[in-house]
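Structure first, then comments.
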Amino acid sequence: MKKLVLLAGQSNMSGRGYLTENDVSKLPGITALRWDKVWIPAVDPFNYDRINQLGLNESQDPFEEKALDVNNQRRCGVGPGRTFAKLLQEKFPGSEIGLIPVAVGGTPIAAWMPGGADKYSDRHPYDDALDMARHAMQFGQIEVILWHQGESDAKFKTPDYKEKLITVINNFRRDLSLENVPVILGEIGHFLDEKRFAVKEYNEYIRQAAAELSLAGVVSAAELTDRGDRVHFNTTSQYELGKRYFKEYCRLTGQ
């Protein structure tokens, strides 16, 4: 049975770090559930997103270009999930790790309510996530929910963000029967342009939500850097983010 990790949120959880050779090697025993419910090697990029990461969508983001060679390092897809999975497998040698990537870039918190829709595609992030998670749970048990989202809401200053975030997490726990599963929330990048994003305010909401939820933690984005667009973490920072998520997972579970 696989130890499952649910990866939810928007683009920084999906992964926008530029690929290196280290990101495209297969890792024995670590798989990811593709959008069509096929388990594939957890080789970045493995999150189906509106970005053309698996040849399924066209990209309109000038920082990504279709079908570039991996060696070019401009093909995106590196998130924190693969690093977290490697550390989890090291902690439990011989275990099978299954990643459930359900993040959708650009989605505000409203899209993560039941029935919520992504305005840029035909995706329904929360409902689709439940569908993916339920399928994955036929093969193992969800050990942790990793969440990274909030840039869109910090930009548009969504009211009552903390309360809505708490609702989303409680919905996941209720609908997937994960009441005793730890949840880890990630801060949005400190490098975001504070003229466009209410960075400090929304990171405080994220910290407050973690404090008010049971068995929940938060990881800092302090000293992490962007890939040049002041929105997305670069590859090295995504590795570090994965390590921070894992450290918090160990704290929450007493490992």
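Details
- Reported count of residues in the range 108-158, each being touching a Lys or Arg at 6+ places or on another chain (Cβ under 9 Å), modelled with pLDDT of 95 or more and among the acidic types (Asp, Glu), is 3.
- Taken together, LEU185, LEU192, LEU165 contain a single residue that is out of contact with any Gly (no Cβ under 6 Å at 6 or more places or on another chain) and assigned to a loop (DSSP other than H, G, I, E, B), which is LEU192.
- Residue in the range 204-220 that is more than 22 Å from ARG251 (Cα to Cα), out of contact with any Ser or Thr (no Cβ under 6 Å at 6 or more places or on another chain) and open to solvent by 10 Å² or more (accessible area, probe 1.4 Å) present: no
- For the range 21-47, filtering for residues that are modelled with pLDDT under 85 and in contact with a helix residue (DSSP H, G or I) (Cβ under 6 Å, 6 or more places away or on another chain) leaves 1.
So that you can scan it fast, the table gives a plain yes or no per residue for (1) assigned to a loop (DSSP other than H, G, I, E, B); (2) closer than 17 Å to ARG123 by Cβ:
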| residue | (1), (2) |
| --- | --- |
| LYS26 | yes, no |
| THR31 | no, no |
| ILE40 | no, no |
| PHE46 | yes, yes |
| ASP49 | yes, yes |
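- Qualifying residue in the range 154-165 (condition: open to solvent by 10 Å² or more (accessible area, probe 1.4 Å) and hydroxyl-bearing (Ser, Thr, Tyr)): yes
- Residue count for the range 204-253 under the criterion of being of a type in the set (A, V, I, L, M) and more than 17 Å from GLN10 (Cβ to Cβ): the result is 7.
- Sole exception among (1) crowded, with 16+ Cβ neighbours inside 10 Å; (2) closer than 23 Å to PRO125 by Cα; (3) at pLDDT below 80 for LEU4, by number: (3)
- If the condition is being modelled with pLDDT of 90 or more and in contact with a Pro (Cβ under 9 Å, 6 or more places away or on another chain), then the range 10-20 contributes GLN10, ASN12, MET13, SER14, GLY15.
- Taking every residue in the range 222-251 that is hydrophobic (A, V, I, L, M, F, W, C) and surrounded by fewer than 16 Cβ atoms within 10 Å (Cβ to Cβ) and pairing it with any residue that is part of a helix (DSSP H, G or I) and modelled with pLDDT of 95 or more, at least 6 positions away or on another chain, the pairs with Cβ-Cβ distances below 8 Å are CYS250/LYS91.
- Residue check for LEU178: surrounded by 15 or more Cβ atoms within 10 Å (Cβ to Cβ), in a loop (DSSP other than H, G, I, E, B) and touching a residue at least 40 places away in the same chain (Cβ under 8 Å): no
- Odd one out for GLY106 among (1) open to solvent by 10 Å² or more (accessible area, probe 1.4 Å); (2) not in a loop (DSSP other than H, G, I, E, B): (2)
- Single residue of the range 181-195 satisfying the filter (touching a residue at least 12 places away in the same chain (Cβ under 8 Å) and surrounded by fewer than 18 Cβ atoms within 10 Å (Cβ to Cβ)) that is farthest from VAL5 (Cα to Cα): ASP193
- Matching option when the condition is at pLDDT 85 or above, touching a Lys or Arg at 6+ places or on another chain (Cβ under 6 Å), farther than 17 Å from LYS2 by Cβ and not aromatic (Phe, Trp, Tyr), among VAL104, VAL78: VAL104
- Residues of the range 120-143 classified as assigned to a loop (DSSP other than H, G, I, E, B), polar (S, T, N, Q) and either touching a residue at least 24 places away in the same chain (Cβ under 8 Å) or open to solvent by less than 40 Å² (accessible area, probe 1.4 Å) (or both), total: 1
The values are calculated or read from the model by the stated rules, or taken from the named source; none is laboratory data. Just so it is clear, the structure is predicted and the values come from calculations on it, not from any experiment. Please note: Cβ atoms are built from the backbone with ideal geometry, for glycine as well, and neighbour counts cover all protein chains shown. For the accessible areas, the whole protein counts, side chains as well, though only heavy atoms, and no ligand, DNA or RNA atoms are used. Shrake-Rupley method; radii C 1.70, N 1.55, O 1.52, S 1.80 Å.
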